[in-house]
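Computed from the coordinates by the stated procedures, all read-outs in this text should not be read as laboratory data. Quantities reported herein were computed from a predicted structural model and do not represent experimental measurements. Neighbour counts are summed over all protein chains in view; Cβ atoms, including those assigned to glycine, are modelled from backbone coordinates with ideal geometry.
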Amino acid sequence: ESLINRIAAGEIIHRPASALKELLENSLDARATSIRVAIKDGGMKLLQIQDNGCGIRKADLPILAERFTTSKLKTFSDLSRLTTYGFRGEALASVSHVAHMSVVTKTKADTCAWKAYYSEGVLVPPKAGQTPDPKPCAGNDGTIITIEDMFYNTPTRLSALRSSSEEYARILDVVTKYAVHNPKVSFLCRKAGSPTPELSTSATSDVGQAIRLLYGHSIGKELLHVESSCRTGGSSSRDTSAGDPDDSERWSAEAYCTSPNYQAKKTVFLLFINHRLVESSSIKRAIESVYSGVLPKGAFPFVYLSIEVDPRSVDVNVHPTKREVIFLNEEVITERISDAIQQKLVGQSH
Ligand code: ADP
Ligand code: MG
């Protein structure tokens, strides 16, 4: 039973960076405006994330790490919509099966913070002889999640990891991408004990500004802003929220991509679908082919692309390991976005 849970958890949590991605999404879902990450040994020894979001109610702590426990159901009208959006209540459960996990959390309504320890999906005592109940402690509004000794009980996962510096680089990459996508949130990422953070942002005006800050001047000065959308599903005067079949045809996209003056050795592609960082080799290929018309051979762009579609039309489970995503009308939408980028690029060269 516990071995099966562990294997299942390992399918969701592959490495420290994939755990961190889930934790970042949770903090952002909790409407945090400040997110601080501390790392030891590439996240294998310690992965800690602190946010100033809404916190977790004490009453919810006993079931927090149970599979399929999610507080995000109420946002969506049905479960199929929920699961396709990626809210499955599996992240914390999975972490608790492959690492030591503790939570310190405080809601605005609480007078103190609560600390709880988890293992294999349930609350556990912090020390032998103690009870597993959450203990009161000092703390700010928000949540601190501490993950220690990742994969201590899953040697195959552990042995598949790279060096701690490589794992750290992946963590930094994930934080950087979420920081770009959430310019109004301040992010900090540092190695535990190090006085200077590797990454530190304060709220900026927009995504373009965040790219300039995080990816540097040479990209920043060549950025083109592209928007594209389609709103075919009924007019705003009509309530179409209740399962209108046309819903899935409404979408919008925003891109920041470099002009042909910028030439990199490989494409840097940041793709967010409904605010989740995902991968799509087909969309990436489509955009690269637009650029192949304006860039010399062997030169590649930087592209940030955020697409919003009806959550019911997204399937993120095609390839759990890679977070490859597919969605309804993907080809049409990709073509429209490619066209919009192409037009911007052509406009540039005149
Ligand atoms: P999901 O995000 O799919 O709901 P998770 O396992 O990631 O599932 O998280 C389980 C639940 O724990 C969330 O639904 C949320 O209620 C709560 N939670 C997790 N992290 C935070 C956080 N940083 N702030 C507030 N609530 C959180
Ligand atoms: Mg989550």
*Taking the Cα-to-Cβ direction at residue 348 and at residue 231 and moving 7 Å from each Cα, how far apart do the two end points lie in nm?*
2.8
*Which whole-Hz couplings ³J(HN,Hα) result when phi for each residue of the stretch 135-143 is put into the Karplus expression 6.51 cos²θ - 1.76 cosθ + 1.60, θ = phi - 60°, listed in order with x for Gly and Pro?*
10, x, 7, 6, x, 8, 4, x, 9
*Hey, how many Å between the Cα centroid of the stretch 125-170 and the Cα centroid of the stretch 254-313?*
34
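Arranged by the count of other C-beta atoms within 10 angstrom, fewest first, what order do 22, 331 take? List each step's numbers first, then the result.
Numbers: 22 19, 331 11.
With the fewest neighbours first, 22, 331 line up as 331, 22.
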_What do you get for the angle between helix 2-12 and the principal long axis of the chain? Use alpha-carbon atoms, 0 to 90 degrees, nearest ten._
30
*Using the alpha-carbon atoms, what tilt in degrees (0 to 90, nearest 10) does helix 164-181 show relative to the longest principal axis of the chain?*
60
*Order the peptides 44-52, 295-303 from the highest to the lowest mean number of other Cβ atoms within 10 Å of their residues.*
44-52, 295-303
*Once both labels are modelled 7 Å past Cα along the beta-carbon direction, what's the residue 292-residue 140 spacing in nm?*
4.9
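With r defined as the distance between the Cβ atoms of residue 3 and residue 196 and R0 fixed at 45 Å, what FRET efficiency is calculated, to the nearest 0.05? Mind showing how you got there, number by number?
On the way: r = 42 Å, r/R0 = 0.93.
The formula returns an efficiency of 0.60 here.
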*asked:* With an 8 Å Cα cut-off and a minimum separation of 6 or more residues, compute the relative contact order for the chain in percent.
replied: 16
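What is the fewest-to-most order of 278, 325 by other Cβ atoms lying within 10 Å of their Cβ?
On the way: 278 19, 325 24.
Neighbour counts put them in this order, fewest first: 278, 325.
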_Karplus-derived 3J(HN,Hα), 6.51/-1.76/1.60, for each residue of the stretch 286-301, Hz, glycine and proline x_ = 4, 6, 4, 6, 4, 5, 5, x, 10, 9, x, 4, x, 10, 9, x
*Computed over the Cα atoms, what is the radius of gyration of the chain divided by 2.2 N^0.38 Å, N being its residue count?*
1.04
_Please report the net charge: other residues with Cβ closer than 13 Å to the Cβ of residue 345, K and R +1, D and E -1._
-2
*Search the structure for amide H atoms under 5 Å from the amide H of residue 191, placed 1.01 Å from N in the peptide plane, and list their residues when 5 or more places away or on another chain.*
39, 198
_Counting only helical runs of four or more DSSP H residues, what would the 222 nm mean residue ellipticity of the chain come to if each run contributes -39,500 (n - 2.57) and the total is spread over all its residues?_
-9500 deg cm²/dmol
*Using 7 Å Cα-to-Cβ label points, what is the residue 282/residue 252 separation (nm, one decimal)?*
2.5
_Stretchable slack from residue 133 to residue 112, in nm (0.36 nm times residue separation minus alpha-carbon distance)_ = 6.1 nm
*Rounded, prolate or oblate: which fits the stretch 163-211 when a ≥ b ≥ c are the square roots of the eigenvalues of the alpha-carbon gyration tensor, with rounded for a/c under 1.5 and prolate only if a/b beats b/c?*
oblate
*asked:* What does the C-alpha gyration tensor say about the overall shape of the stretch 1-69? Classify as rounded when a/c is under 1.5, otherwise prolate if a/b is larger than b/c, or oblate.
replied: oblate
*If you line up the long axis of helix 330-348 against the longest principal axis of the chain, both from Cα atoms, how many degrees apart are they, to the nearest 10?*
60
*Expressed as a whole percent, how much of the Cα-Cα distance distribution for the stretch 92-193 exceeds 21 Å?*
51
